[in-house]
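Asker: One structure, pasted below without further comment.
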Amino acid sequence: MQLNFVIFKHVLNRRFLFCMTGNCTGRDSEMHRIMKQFDHISNDLGNVGIDMLYSFFPFLRFLPLSYSQKIKEWFKLKQQFIGTLEKQAVHDAGKKGIYHSLKKITQEKDSHGQQWFTDVNVHCLLINVVTGGYLTTRGALLSLIQILAKRPELQRAMQDEIDSVTGTTREPALADRHQCHLVEAVTLETLRYISHGVITPHCTSQATEILGVPVGKNTPILLNFWTIHHNAEEWQEPFSFRPERFLDKDGSLLPSTDPVRKRMIVFGLGKRSCVGEAFARARMFLFVATVLQSFTITEPDDADLSDLLPREMETGHILQPKPYKVRFILREK
Ligand code: HEM
């Protein structure tokens, strides 16, 4: 079986819609078309450099520049996205999805009898989920597949581990994570290696000090996750894919209190760290364990597959691997 990168993206788009309205749209649906354009353009515009440029010089929006056109296109797509979601939600009224739950909250009133959660809040939240939850997971899973396709021995070791925990017929479950140390180490190393949420913007809510340097209130702060995870003083050979850095000498996953694990902060730290971390990591585990239990991922017959190099990924708010092809070979059981 040959699975094309583009088809794989379609599959992930459909899963996303399933969560939103409790139903799945077809690959040729209107929503699917919008989602494809929307997620691409959101990632492109979310690029921190572009974002800062337009924040400092908002008049650029009115000049005939390619990014100004993209901003207009983004707003148009956002309207289409919300409109189509509304239509679909009415159609799927009996289903239970994120959208239905959020819409229900908009009917609640606060102690002054005012609506406290509006349609605008719902829309912003859904856009947040697209960029925060979807682009990140898609980038991580697509990177992991490309990385594995180039490493047959690592795959075999992971398959042995999965088979020894689940057998060949029972589907992997979340409880298996604690016994699949190598699979866990591979997902952690993938996240460190690609560090695809390169820069995260924050702002100080009060005057403070960073490493002795005074920082005023309302100062924009850019967290550079890329440097944190590719610093050669902290990570030996940072641009080599080495899952063993998260394992001890017996092959067990290092505890989360280990200094190496503590240095891995791809989900951020503190109050505003990623709310989807547990969900994202659980999903990555189930995805990779389920795929490897049934398939071996190999290079395609009809094209060259290069190894994933983080520095050559497609730029955007969340780095994405360049399009590629792989083969999924059904394992003999
Ligand atoms: C590989 C997967 C993911 C990575 C690497 C990732 C990473 C991050 C990072 C670095 C932040 C910013 C932390 C900060 O501001 O300091 C963040 C925030 C956030 N993430 Fe994730 N994320 C992932 C998956 C998800 C998923 C699956 C969801 C939702 C289901 C999600 C929802 C969010 C939200 C809503 C925020 C904003 C939190 C806030 O501002 O308080 N993320 N994520």
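Bear in mind these aren't lab numbers, they're just calculated from the coordinates by the rules spelled out. Since the structure is predicted, the reported quantities are computational estimates derived from the model, not experimental observations. As a convention, Cβ positions derive from the backbone with ideal geometry for all residues, glycine included, and neighbour counts pool all protein chains shown.
Asker: With the contact rule set at Cα under 8 Å and sequence spacing of 6 or more, what percent relative contact order holds for the chain? Present the calculation step by step, with values, prior to reporting the outcome.
Answerer: Numbers: 407 pairs, mean separation 80.9, N = 333.
Here the relative contact order equals 24 percent.
Asker: Okay, moving on. Where does segment 2-330 land on Rg/Rh, using Cα atoms and the Kirkwood Rh? All intermediate terms of the calculation are to be shown ahead of the outcome.
Answerer: On the way: Rg = 21.5 Å, Rh = 22.0 Å.
Result: Rg/Rh = 0.98.
Asker: Compute from the Cα atoms of segment 224-277 the Rg and the Dmax, the latter being the longest Cα-Cα distance, and quote both in angstrom.
Answerer: Cα-based Rg and Dmax for segment 224-277 come out at 12.2, 35 Å.
Asker: Are there any helices in the chain, counted as whole DSSP H runs, that stretch 30 Å or more along their axis by Cα and score at least -1.0 on average by Kyte-Doolittle, and if so which? Before the final figure, lay out the partial values.
Answerer: Numbers: long enough: 66-91 (37 Å, -0.78).
Those that pass (Cα extent of 30 Å or more, hydropathy at least -1.0) are 66-91.
Asker: In segment 286-333, which chymotrypsin sites (Phe, Trp or Tyr not before Pro) fall in coil by DSSP and have 10 or fewer other Cβ atoms within 10 Å? Numbers along the way, then the final one.
Answerer: Numbers: sites: 287, 295, 324, 328; in loops: 324.
Those that pass, being in a loop and sparsely packed, number zero.
Asker: Cα centroid distance between segment 244-305 and segment 183-237, in Å?
Answerer: 18 Å
Asker: With charges set only on the Cβ (+1 for Lys and Arg, -1 for Asp and Glu), what does the dipole of segment 2-330 come to about its Cα centre, in debye to the nearest 20? It would help to have the intermediate numbers written out before the result.
Answerer: Details: 39 positive and 35 negative charges, 221 e Å.
Dipole about the Cα centre, nearest 20: 1060 debye.
Asker: Can you list the trypsin sites (Lys or Arg not before Pro) in segment 164-260 that are in a DSSP coil and have 14 or fewer other beta carbons within 10 angstrom?
Answerer: Numbers: sites: 170, 177, 192, 217, 245, 249; in loops: 170, 217, 249.
Loop-located and lightly packed - 170, 217, 249.
Asker: Using DSSP to call loops (not H, G, I, E or B), can you name the chymotrypsin sites (Phe, Trp or Tyr not before Pro) in segment 96-192 whose Cβ has at most 15 other Cβ atoms within 10 angstrom? Let's see the in-between values first.
Answerer: Working: sites: 99, 116, 117, 134; in loops: 116, 117.
When the chymotrypsin sites (Phe, Trp or Tyr not before Pro) of segment 96-192 are filtered for loop state and at most 15 Cβ neighbours within 10 Å, 116 remain.
Asker: Could you give me D for segment 90-239, from Stokes-Einstein at 37 °C and 0.692 mPa s, where the hydrodynamic radius is the Kirkwood radius over C-alpha pairs? Units µm² s⁻¹, please. Mind dumping the intermediate values first?
Answerer: On the way: Rh = 20.2 Å.
Rounded, D is 163 µm²/s.
Asker: Hey, in the GNM for the chain with a 10 angstrom Cα cutoff, which one of 38, 285, 57 fluctuates hardest?
Answerer: The residue with the greatest mean-square fluctuation here is 57.
Asker: Quick one: net charge around residue 263, please, counting Lys, Arg +1 and Asp, Glu -1 for every other residue with C-beta under 12 Å from its C-beta. All intermediate terms of the calculation are to be shown ahead of the outcome.
Answerer: On the way: positive: 192, 245, 261, 262; negative: 233, 234, 258.
After counting each charged neighbour, the total is +1.
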